[in-house]
1. Using alpha-carbon pairs under 8 Å, 6+ residues apart, how would you state the relative contact order of segment 46-387 in percent?
2. Report, in whole Å, the centroid distance computed from the Cα atoms of segment 353-389 and segment 50-122.
3. Shape of segment 46-387 from its Cα gyration tensor (a ≥ b ≥ c, root eigenvalues): rounded if a/c is under 1.5, otherwise prolate when a/b > b/c, or oblate?
4. Arrange the following residues from fewest to most other Cβ atoms within 10 Å of their Cβ: 139, 384.
5. Please report 114, 143, 300 as a ranked list, fewest other C-beta atoms within 10 angstrom at the top and most at the bottom.
6. Take 391, 404, 60, 335 and order them by how many other Cβ atoms sit within 10 Å, fewest up front.
Ligand SMILES: [Zn+2]
């Protein structure tokens, strides 16, 4: 009898424990489910990060309210991200200023000192200094905004390289891809993306970075800083108009020099109205094959939306859907590590819609479809892609379609510095296309190499565009076209 009572007691006791456990498990599952739903719809622990700071809106043209590079360029896209609920799915990274040491990795001390002095200048001096520069305006707050733009991009870069984030978008201004090592240029005060590249290489040991610059203007500043550096592969799609579109650089002949030869791609449109078909064709024919062979560890998009439909300066027709698709393609070549940095773009709706489309894709959404009619490249676009392909093909064995028989000749293993080349160009003795290439020694680089071959027997004369590229813009015919940008 005692045993029976004991068993009954144990059974009831056990049932109580089971009941408690059951409640506990049900509660836990409920909490997990509610949390997941909450995150999915509203709150984010996202692997996609965003950085912005409204102090970047302090930089403005105090002499002309009509200037296209205006504070609203970052305010309106941020508003759209909030309204479309994308912002709540992004994780915000705290902005910061770039330090002097970080900026001096690509800029001269004189350049930094000049920007530092802006805060104490009178309006008269600010105007005078701005007039001395090429398409630049200055204000007392310009330095603060420029430091925030460059520093905020570093903040996002750090998040991605430490694996706290997969990818990110920097809604920053002033832009940076025209800025030279020694002076501001083309609305740009500091080289945001170049500083971030140096930061990634020097602090985190990154060895291969791809920059894709789809701003309608060529990123002459970024290109010049890395022409000799194979750790940076700079690819630009831009209007060139045979050298008459600002900043008059970006000739497809410029493929890099010295150790960086073969790591600079200029897809130069020679007419307006380039659209989705042209950009996607350039991606499929050149950018993606080269990127997949290069195997970048990190991708920066110099995201200028002045190539977009409705931009008053670009007069091109890229849609927000196309920006999204291009972003998605670039995510596929570096395990998703893509950082998008705002460059130009002067139609507020176009910029906002473009950033929204790219953010959505970075978050993992499918990009919207493009109208099939827009997918057809123009004859002029195909011609530009073929020209760029022919110039870069001697250095990459997977660009079979663009290679010519003479590209198969043995490599002349000789490196010539950019300074020597500039001298040669001026003397009309050679062009970059006929420049002796460096060999590509075996290192931990992907096999981009053996195809490097140069025609050495026929030496063509340098084009007017190439010569112009290496001359001082202010004294060249390019100066005529300053009205294109400001
Ligand atoms: Zn631009």
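What follows is calculated from the coordinates using simple rules that are stated; it is not laboratory data. Remember, it's a predicted structure, so these values are computed and weren't measured experimentally. Note that each Cβ is placed from the backbone with ideal geometry, even for glycine, and that neighbours are counted across all protein chains shown.
1. 18
2. 27
3. It comes out rounded by the Cα gyration axes.
4. Final ranking by Cβ density, sparse to dense: 139, 384.
5. 114, 143, 300
6. 404, 335, 60, 391
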